[in-house]
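Enquirer: Below are the structure tokens for one structure; questions will follow.
Derivation of every value follows stated rules applied to the coordinates shown; laboratory data play no part. None of the values given here were measured: they were computed from a predicted structure. Positions of Cβ are generated from backbone atoms using ideal geometry, with glycine treated the same way; all protein chains shown enter the neighbour counts.
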Amino acid sequence: MTPTAVDLLTACIKTLTAPVAAEDAGLFLTARMRTVASLNRLVAFECAQGAAVRIAENAAIRSLIAEAGSGYARLAEGAAAIGDGDCTIEALDAANAKLRRLLIVLHEAVEQASECELDRRILTFYRWMAERRELPLPSARPA
């Protein structure tokens, strides 16, 4: 399960509103607050860029599948039929999951056919997707 922004913020709220035992004060409480702050930073980043990243990724997957060649026309038709819905994160993630499954089917077929150039393009594409989803983490050093 990939937690949503709502899931993460709800956990942060629970953490911030939970009573702190006297024995948990000090360094433990400081670490706890830093964790909450880090999660909030990641949620803010996701809220700011999450939809745009998913829309671009979904379009790029459709394009890659469409450009794979006539031997993969059925997959291209399937990818083209998958819309982004109402562009909420939930709808975009659902479309993304379906598109990724088609991309995996394409990649397996490409590997079976030993199409090295297309295989390299797909592997490069996987790297691009991972880089776009990377979230910047704050420094782990205490202040």
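Enquirer: Between Ala22 and Asp93, what FRET efficiency comes out of the Förster formula 1/(1 + (r/R0)^6) with R0 = 30 Å and r the beta carbon distance, rounded to 0.05? All intermediate terms of the calculation are to be shown ahead of the outcome.
Expert: Details: r = 42 Å, r/R0 = 1.41.
It comes to 0.10.
Enquirer: Report the calculated FRET efficiency for Tyr126 and Arg41 (r = Cβ-Cβ distance, R0 = 25 Å), to the nearest 0.05. Write out the running numbers ahead of the final one.
Expert: Details: r = 26 Å, r/R0 = 1.05.
After rounding to 0.05, the efficiency reads 0.45.
Enquirer: Indicate the gyration tensor shape class of the range 8-55 (rounded, prolate or oblate), computed on the Cα atoms with a ≥ b ≥ c the square roots of the eigenvalues: a/c under 1.5 is rounded; otherwise a/b larger than b/c is prolate and the rest oblate.
Expert: Cα axes put the range 8-55 in the prolate bin.
Enquirer: Let me ask something additional. Using only C-alpha atoms and all pairs of different ones, pull out the Kirkwood radius for the range 5-133 in Å with one decimal.
Expert: 17.3 Å
Enquirer: Per residue of the range 86-102, in order, report the coupling 6.51 cos²θ - 1.76 cosθ + 1.60 (Karplus, θ = phi - 60°) as ³J(HN,Hα) in whole Hz, putting x for Gly and Pro.
Expert: With the stated coefficients, the range 86-102 comes to 8, 6, 6, 4, 4, 5, 5, 5, 5, 5, 4, 4, 5, 5, 5, 4, 5 Hz.
Enquirer: When a footprinting reagent is the concern and you count Cβ atoms within 10 Å, what order do Lys14, Lys98 take, fewest first?
Expert: Lys14, Lys98
Enquirer: Moving on. Let me check against my output: what whole-number percent is the relative contact order of the chain, with C-alpha pairs under 8 Å and at least 6 apart?
Expert: 22 percent
Enquirer: Convert each backbone phi in the range 8-18 into a coupling constant with the Karplus relation 6.51 cos²θ - 1.76 cosθ + 1.60 (shift: θ = phi - 60°), then list the ³J(HN,Hα) values in order as whole Hz, x for Gly and Pro.
Expert: Each residue of the range 8-18 in turn: 5, 5, 4, 5, 5, 4, 4, 5, 6, 9, 6 Hz.
Enquirer: Place a point 7 Å from the Cα of Val6 along the Cα-to-Cβ direction; which residues of the range 65-94 have their backbone N under 12 Å from it?
Expert: Backbone N within reach: 89-91.
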